[in-house]
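Shown next, in structure tokens, is the structure this report addresses.
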Amino acid sequence: MTAFFKKPKRYMPLRQREPKIDAPQGLMTKCPSCKYMHYTKQLNENHKVCDCGYHFPLSADERIHMLVDGQSFEKFAGPLVKENPLDFPDYEEKLKKDRERTGIEEAIVCGRATIDGLPVVVCVMDARFRMGSMGAYVGEAIASAVRTATKDGLPVVLFTASGGARMQEGMVSLMQMANTSIALKEHDEAGLLYVAYLTHPTTGGVSASFAMLGDVNVAEPGALIGFAGRRIIEQTIREKLPDNFQTAEFLLEAGQLDAVVHREQMRSFLKKMIVLHGGEVHHV
């Protein structure tokens, strides 16, 4: 019986056995896919792509810096829209906090630039701001940028990263689906190129409008793309969905995308598309 009442071994407290090492904040970044710990500096030098192929999200500024020539980007002024059209409680305070945290005005940045000398209008959504959701500002910014491109005879490249329509703006947000689609239709009727470049995630009202209207629709590897969530669809149709459902690779297989493009090939791929559609190098 004595074996059952054996005195436990005395262990040193964890903090004494393994002294905690305080690493500077931001020094290391963990890949959510393979769990590998990267030096953040090295990860940034690798376009924020892990060796396993996982593409980390990019801010709008990071994407633009990676894509365009030097200092060629000229940002368009933001549209004048009512900030809180439905007087939604605490909405303006949330917008203010997001602006302070991200350093951007809203969930999209649009402007004119060159890619290897080829003039183009670029719009980049930023999921750090209200999860990249589309409200009146985002919709009007896109529509205005596309109309500028139509007027100047330029191609449009639009990078999506969004949770969909912005709930705090209700019907005003949903109307941006039509607003952006009309502007893109005019651009198309002028015979100009529009490349929709889908990144993780692209869902809801964004995926149901301008994200899928490109002359060329491409996506980054592993990007989540869809309208409703997986669980809702499974409950509705009462069927188990494939493991890779709503990924860029699944959509490519189903014919909804033209290509899945690794981030390292992003710039060369877009240059090729612009040249094939008649783009000419701009000589300063």
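The values are calculated or read from the model by the stated rules, or taken from the named source; none is laboratory data. Worth saying up front: this structure is predicted, and the values here are computed from it rather than measured. Cβ sites come from the backbone with ideal geometry, for glycine too, and all protein chains shown count toward neighbours. Ligands, DNA and RNA are excluded from the accessible area calculation, which covers all protein heavy atoms including side chains. Shrake-Rupley method; radii C 1.70, N 1.55, O 1.52, S 1.80 Å.
Data for the structure
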quantity	calculated
Contacts under 7 angstrom Cβ, first residue in the stretch 149-164 being within 21 Å of Arg267 (Cα to Cα) and touching a residue at least 60 places away in the same chain (Cβ under 8 Å), partner of a type in the set (S, T, N, Q) and open to solvent by less than 20 Å² (accessible area, probe 1.4 Å), 6 or more apart	Phe159/Thr199; Ala161/Thr199; Ala161/Thr202
Number of positions in the stretch 46-71 that are within 20 Å of Val122 (Cβ to Cβ), in contact (Cβ under 8 Å) with a residue 12 or more places away in the chain and open to solvent by 30 Å² or more (accessible area, probe 1.4 Å)	7
Check on Lys271, under 29 Å from Cys34 (Cβ atoms), among the charged types (D, E, K, R), over 19 Å from the mean Cα position of the chain (by Cα) and open to solvent by 40 Å² or more (accessible area, probe 1.4 Å)	no
Helices (runs of 4 or more DSSP H) fully within the stretch 221-280 counting 3 or more residues that are of a type outside the set (S, T, N, Q), out of contact with any Pro (no Cβ under 8 Å at 6 or more places or on another chain) and at pLDDT 95 or above	248-253, 266-276
